[in-house]
Amino acid sequence: MSRIAIDRIDADGSTLECRLRPTRDLERFVTGEPFRVEYDQPIEDVPAGILAIPALANVCPVAWANGADVYVDEVDVTFAHALEEAKASLLEMHDFLEGGTLYARETIDADPTADRESTTEGSDSALLFTGGVDSTCSYVRHRDEAPTLVSLRGWTITPDPADDPDWEHLRERVSAFAADRGLETAFLETNALSALDHAMLLAHYKRFVDGAWYSSVGHGLGLLGLCAPMAYVRGIEDLYVAATHWEGIDLEWGSRPDIDDHVRWGGTRCHHDGYELTRQERIDVIAEYVRNEDPTLEVQTCNDRMDGNCGECEKCYRTAIGLRLSGLDPTAHGYPFSSDDYDEVRRNLEAGAWELGEDERYMWADIRDRVREADPESPQERAFFEWLCSVDLEELVAESRSPLSHRLLRAGARNTPNSVYNVAYPAWKSVQSGLERIRSS
């Protein structure tokens, strides 16, 4: 019977570590590296049933994709029920997921509000925060709660030493944002993407999803679950994760209300926040906050750098245009942008220079809806708005799909021995990165 066991769960100071022990048929998805999360406060007094949650939240979707069961010694009973509800949502969303059963020797009720006080002073709410449009909007909406801002390394910023500067930039930026508003911060670091073989998951399941494994399947449950020991220590009752999409977008995405709103443990309930607002409406919320309270606020959305926005990638241009449509000067809020840039945006979109998914199509459609009501400020802006209202966005997305070489590599990986693939993939990725740098220079 296919299964993954989570054992030897240990809390040493602020470090959580456990072993993932798969049956042979699932070994290719587990690297053998211990699953680890580093917190910024001691977690030694956190119950074992809570300490199991970070690994369970990340391992269970992998097991469900293979019809496998998961074994653990102890788990919080509230989270065990939450897993069943999240699993039902994911199975309804993805046909390739088969499901599986969680087996625990013991379940506990780890509600810290019953007979335990938080070990820290501060808010009883928290918000996963990057400083981008979505999380900034969620902060504005919940600022009266003075939420603890939670930032994480191990997803877009990897544990690789090469990413050390990015992590420091994020910490400095979030810390400064929090200090200016009298907020607490929490910083987490995890090796989840290396303890579970992210490349192999991508090789097997990319063909079924619009994005990658974590964006399409694992990241809502996974990110929230990583926060469980932190939330227990701090006495967090409400944990918010900002919505990426909004009502009316029917995409197979790993963070949605029908997943995130089910996630809970002990005395903590998770909330998928801002789903009723489109991205442009979230920028409207930020714009009102800027005009009324924080005229120098800068937003950080760039996928290419963390020490500011490059101003040249698709996401930077899209955000800059969104700020402009909400009545703000993009340059005043972190995005170097002028009317001349509209021609560059159009050229890149028409040439398929940016790899776009269905979520980007919806976001550009959202901008197009606002453009129809906008009064252009320059001839370049007018020309771009007219083009955007007439272009076939589905065709633009189709022309920007990933290259054939990427698809062939993933197909080969599904039938390649682990030992060969684990050597070949990093080498291929290094070559591809070098070629991309050459093409962009």
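The values are calculated or read from the model by the stated rules, or taken from the named source; none is laboratory data. Worth saying up front: this structure is predicted, and the values here are computed from it rather than measured. Neighbour counts run over all protein chains shown; Cβ positions are idealised from the backbone, glycine included.
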Revision key, fill the gap. Filtering segment 70-81 down to residues that are crowded, with 19+ Cβ neighbours inside 10 Å and under 19 Å from residue 4 (Cα atoms) yields 70, 72, 75, 76, 79, 80
Practice item. Select from segment 180-215 the residues that are of a type outside the set (A, V, I, L, M, F, W, C) and part of a loop (DSSP other than H, G, I, E, B) and write down the one among them that is nearest to the chain's Cα centre (by Cα). Key: 211
Exercise for review: Return the total of residues in segment 256-286 being within 27 Å of residue 322 (Cβ to Cβ) and basic (Lys, Arg).
Suggested key: 3
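Which of the helices (runs of 4 or more DSSP H) found entirely inside segment 304-401 contain at least 1 residues meeting this: modelled with pLDDT under 95?
Result: 341-351, 358-371, 393-399.
Just a yes or no: is a residue in segment 251-269 of a type in the set (D, E, K, R) and free of Cβ contacts under 8 Å to residues at least 40 places away in the same chain?
Yes, because at least one residue in segment 251-269 is of a type in the set (D, E, K, R) and free of Cβ contacts under 8 Å to residues at least 40 places away in the same chain.
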Review point. Which is within 18 Å of residue 138 (Cα to Cα), surrounded by fewer than 22 Cβ atoms within 10 Å (Cβ to Cβ) and in the same structural domain as residue 38 (by TED's automatic domain parsing), of 264, 256?
Key: 256
Revision key, fill the gap. The one condition residue 294 fails out of (1) closer than 20 Å to residue 177 by Cβ; (2) crowded, with 24+ Cβ neighbours inside 10 Å; (3) acidic (Asp, Glu) is (2)
